[in-house]
Amino acid sequence: MNESKIALKDVEMRFGDVVALHSTNLQIATGQTTVLIGPSGCGKSTVLRLIIGLLTPTSGAVEFEGEPISQNNILTLRRRMGYVIQDGGLFPHLTAAQNVTLIAKHLQTFQEDEIQAKLDELCEMTRFPKEGLARYAVELSGGQRQRVSLMRALALDPDVLLLDEPLGALDPMVRASLQTELKEIFNRLGKTVIIVTHDMAEAGYIGNSIVLMREGRVVQQGTLDDLREQPADKFVSEFITAQRSLVQL
Amino acid sequence: MNHVSRLTFYTLSALLLIYILSSADAQKISVGSKRFTESYVLGEIAKKLLEDAGYHVEFKQGMGGTIIVWEALKNGDIALYPDYTGTIQETIVKSATPMTSEQMRSALAEYGIGMAGELGFNNTYALAMRRGDSDSRNIHKISDLRDHPNIKAGLTHEFLARRDGWEPLSRRYGLQIKPRGMEHALAYVALNTGEIDLMDAYSTDAKLAEYDLTVLEDDLHFFPKYNAVFLYRLDTDQAAIDAIRKLDGTIDEGLMTRLNAEAERTNNFTAATSLYFSEVENRAVEVVSQSFMSKLLRWTARHLMLVGISMVIAIVVSIPLGIRASRPGILSQIIIGIPGIMQTVPSLALLALLVPVPMLGISPTTAIVALFLYSLLPIVRNTATGLQNIPTPLRESAAALGLEPAAQLTKVYLPMASRTILAGIKTSVIINVGTATLAALIGAGGLGEPIISGLALDNTEVILQGAVPAALLAILVQVCFDGLERLIIPRGLRLAAASQ
């Protein structure tokens with residue numbers, strides 16, 4: 001049984017009167033790929049933003065290896081986590097290479113040749129063409145932008161990778177091939193991965209563990225088979241059926 | 001951004017060096033003058049006498065009205081300037097009753113100011129009309145104006161506000177005329193073209209003859225005597241005071257009118273100075289008149305110094321303020337609000353407000369402070385908006401990457417906002433180049449110097465000598481900034497802007 005890398009302990013997130021996340025307990029297993037899924041506004045991105053410290057919980061605590069995340073340790077912890085968002089979040093004033101190496105160069109703990117070697121390794125892993133490294137975000141396709149964003153997230157070789165709908169803005173062909181590649185990369189690296197999606201097929205294909213959310217609450221956590229065969233309630237089976245029937249059309 | 005900050009540092013150092021060198025000199029004395037021909041001419045003559053006495057003279061000409069020049073004298077920005085007994089009594093000492101020169105001297109001594117002897121002419125205020133108009137309407141005395149309440153009067157702002165000016169005069173004579181305020185040199189033009197019918201003038205004014213004007217008789221003896229005298233600081237070298245006192249009693253009304261006419265005919269105050277020495281001392285004096293190119297170079301260099309120093313300081317101050325103002329909250333509104341209010345103060349008023357401030361006075365420093373205050377808003381506002389416009393996902397990406405807040409700012413936010421910030425700086429510099437022409441009003445020099453003397457001379461050509469280079473300078477700044485944009489703005493941002 002895996003220990004949990006990240007845990008939400010009675011975490012509640014409110015924005016004024018709006019509750020984005022009701023008091024929630026959640027364990028994220030080390031070295032596993034966990035998928036957060038659910039309809040829009042269910043709080044799945046909120047969970048990710050709480051873990052990376054972009055949001056501070058209204059009550060409760062987010063723990064990283066048993067240690068509560070706070071203002072004091074967030075900077076160190078962020079460097080042990082990679083974060084990829086839907087349209088890549090690449091800085092427009094930097095080239096692809098500069099985006100990837102920004103944090104490593106800033107920390108000044110790496111030699112120039114180490115950084116270059118890491119960049120080569122990441123290009124190979126994400127199958128990003130080397131000649132694209134000198135390009136700016138606007139000069140890259142959507143799929144390439146996501147590869148660069150993934151490289152940037154992996155630059156410090158983090159323990160944890162957080163991906164917020166990384167394939168959401170891509171066309172179906174690119175999306176399918178990237179799904180395969182992502183799964184390969186996750187398997188190869190053995191990192192703790194949390195990925196947010198609203199696509200059940202993608203969740204089942206990539207994730208070891210699926211967390212289904214609805215209106216700021218976790219409805220069920222388990223494997224795809226658990227969800228299919230022992231649904232916690234009617235919503236779980238409806239959500240799975242709706243997605244499956246779409247695929248079967 | 002590194003080479004940019006290095007460039008900024010070198011520019012700042014060079015400008016400061018020029019500033020320090022240009023203001024350091026041992027045997028130096030400053031002469032001031034007000035902003036009309038006679039004052040320029042008397043100042044030039046004083047300058048020549050002091051140079052003969054071995055001084056290095058800085059002539060701060062055309063500084064403005066009485067208050068500005070008087071403040072400059074009190075603060076020690078200038079050592080001496082020419083004024084008139086009537087002005088001293090009414091505006092400086094503010095006495096309701098006529099004073100003897102002894103009373104005046106003891107009143108001035110309280111301010112640490114001395115009064116030299118009378119130069120020999122009375123340049124009193126007068127009301128002037130076109131000669132033909134005066135004859136046809138049969139107006140020869142001021143009291144004749146009572147029957148013409150609808151006459152159009154254009155008076156200087158100083159005359160309108162003086163204790164011996166328009167209000168008490170119209171009360172004394174029982175006049176119903178509603179005057180409007182205008183610049184003295186422009187009033188002559190307006191009177192000549194018939195836009196106005198009546199203006200205030202000085203009795204030794206060369207333009208009275210030039211425009212064929214007639215002076216209305218002061219039949220109730222309202223105007224006090226305006227005998228010309230030099231005022232000087234009591235701490236001035238005795239040798240300098242002695243040099244100035246050579247002027248005592250040497251200029252009568254006829255000579256002063258001729259000197260004024262000579263200055264306006266030749267557009268050259270030094271020509272009038274030569275005339276003075278040839279008539280009074282019967283000696284031909286070689287008063288060196290600078291060539292246009294060397295004057296243009298001096299004006300432009302000074303102009304660039306004013307703009308350069310004020311802009312460098314403005315940039316250094318505004319960007320941090322803009323960064324702070326990009327965050328939400330009341331403090332940000334205050335930070336944007338104060339330079340905003342500053343911008344609404346007319347530049348002339350701002351200069352006048354700064355002159356009495358200790359350490360400032362009539363000096364390039366005051367002009368630099370004013371230009372600095374004017375340059376803040378566009379940079380502060382653009383820095384704040386540029387930062388606010390960075391999309392949230394990108395801000396969050398920078399934070400999630402594990403960059404400290406300071407590194408988020410320098411490595412991501414500021415480069416992303418660089419385009420907007422540079423646009424703000426460009427706007428500031430262009431406004432600054434234009435506004436810096438007003439620096440000449442407080443004797444700080446620059447391309448405003450010919451504009452202001454041109455106004456005093458009513459000479460368009462002289463005005464253009466300053467106005468055209470100033471306009472060209474603004475265009476040059478524009479072109480330079482377009483080039484700078486290519487150098488500073490990251491290529492990725494330019495591509496992004498082009499693709500939208």
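Structure values in brief
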{"item": "The protein assembly as shown: calculated mean residue ellipticity at 222 nm from DSSP helix runs of at least 4, using -39500 (n - 2.57)", "result": "-16000 deg cm²/dmol"}
{"item": "Chain B pair-distance distribution - Cα-Cα, 10 Å bins, rounded %", "result": "4, 17, 24, 22, 15, 10, 6, 2, 0"}
{"item": "Of B:PRO391, B:TRP166, B:GLY254, farthest towards positive along the dipole that unit charges on Lys, Arg, Asp, Glu beta carbons give the protein assembly as shown", "result": "B:PRO391"}
{"item": "For A:LEU75, net neighbour charge (Lys/Arg +1, Asp/Glu -1) across residues whose Cβ lies under 15 Å away", "result": "+1"}
{"item": "For segment A:168-249, Kirkwood radius (reciprocal of mean inverse C-alpha pair distance, Å)", "result": "13.8"}
{"item": "Check: chain A dipole with +1 on Lys, Arg Cβ and -1 on Asp, Glu Cβ, in debye", "result": "260"}
{"item": "Segments B:341-350, B:160-169 sorted - mean Cβ within 10 Å per residue, highest first", "result": "B:160-169, B:341-350"}
{"item": "Dipole of segment B:125-215, positive end: most advanced residue of B:ALA126, B:GLY194, B:ALA209 [Cβ charges, Cα centre]", "result": "B:ALA126"}
{"item": "Radius of gyration, Dmax [segment A:83-219; alpha carbons; angstrom]", "result": "15.3, 48"}
{"item": "Cα-Cα over 23 Å, subset of B:LYS141/B:LYS225; B:LYS74/B:LYS207; B:LYS34/B:LYS295; B:LYS207/B:LYS246", "result": "B:LYS74/B:LYS207; B:LYS207/B:LYS246"}
{"item": "Neighbour net charge for A:GLY216 - beta-carbon separation under 12 angstrom, K R +1, D E -1", "result": "+2"}
{"item": "Only Lys, Arg (+1) and Asp, Glu (-1) charged, at Cβ; chain B dipole about Cα centre in debye", "result": "2480"}
{"item": "Prolate/oblate/rounded label for chain A (Cα gyration tensor, a/c 1.5)", "result": "oblate"}
{"item": "q = 0.22, 0.24, 0.26 Å⁻¹: log10 I(q)/I(0) that the Debye formula gives for segment B:125-215, counting C-alpha atoms only", "result": "-1.15, -1.39, -1.63"}
{"item": "Percentage, to the nearest whole number, of Cα pairs in the protein assembly as shown over 45 Å apart", "result": "47"}
{"item": "DSSP bridge pairs, the protein assembly as shown: antiparallel proportion in percent, nearest 5", "result": "55"}
{"item": "Peptide B:392-398, shielding by other chains (average Cβ, 10 Å cutoff)", "result": "6"}
{"item": "Shielding of B:409-416 by partner chains, average beta-carbon count, 10 Å", "result": "3"}
{"item": "Cα centroid separation - segment B:163-212 against segment B:379-417, whole Å", "result": "60"}
{"item": "Peptide B:49-59, shielding by other chains (average Cβ, 10 Å cutoff)", "result": "0"}
{"item": "Nearest-ten-degree value, helix B:292-325 long axis tilted from longest Cα axis of chain B", "result": "50"}
{"item": "Burial order of peptide ranges A:65-76, A:5-16, B:369-380 (average beta-carbon count within 10 Å, highest first)", "result": "B:369-380, A:5-16, A:65-76"}
{"item": "Reciprocal of mean inverse Cα separation for segment B:85-242 (Kirkwood radius, Å)", "result": "17.0"}
{"item": "Neighbour net charge for B:ASN123 - beta-carbon separation under 10 angstrom, K R +1, D E -1", "result": "-2"}
{"item": "Mean projection area, nm², convex hull over Cα of segment B:292-499", "result": "13.9"}
{"item": "Between helix B:2-23 and chain B: long-axis angle, C-alpha atoms, 0 to 90°, nearest 10", "result": "20"}
{"item": "Between helix A:96-107 and chain A: long-axis angle, C-alpha atoms, 0 to 90°, nearest 10", "result": "90"}
{"item": "Set of lysines near A:LYS234 by C-alpha distance (under 30 Å), chain-local residues within fewer than 8 positions excluded", "result": "A:LYS9, A:LYS44, A:LYS183"}
{"item": "Segment B:125-215: relative contact order in percent, alpha carbon pairs under 8 Å with at least 6 residues between", "result": "47"}
{"item": "Computed over chain B: relative contact order in percent, which uses C-alpha pairs under 8 Å that are six or more apart", "result": "17"}
{"item": "Choice from A:LEU77, A:LEU107, A:LEU156 showing the highest fluctuation, given a GNM over chain A with Cα pairs closer than 10 Å", "result": "A:LEU107"}
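We did not get these values from a lab; they are worked out from the coordinates using the rules stated. Model, not experiment: these values are computed from the prediction. Every residue, glycine among them, receives a Cβ derived from its backbone with ideal geometry; neighbour counts consider all protein chains shown.
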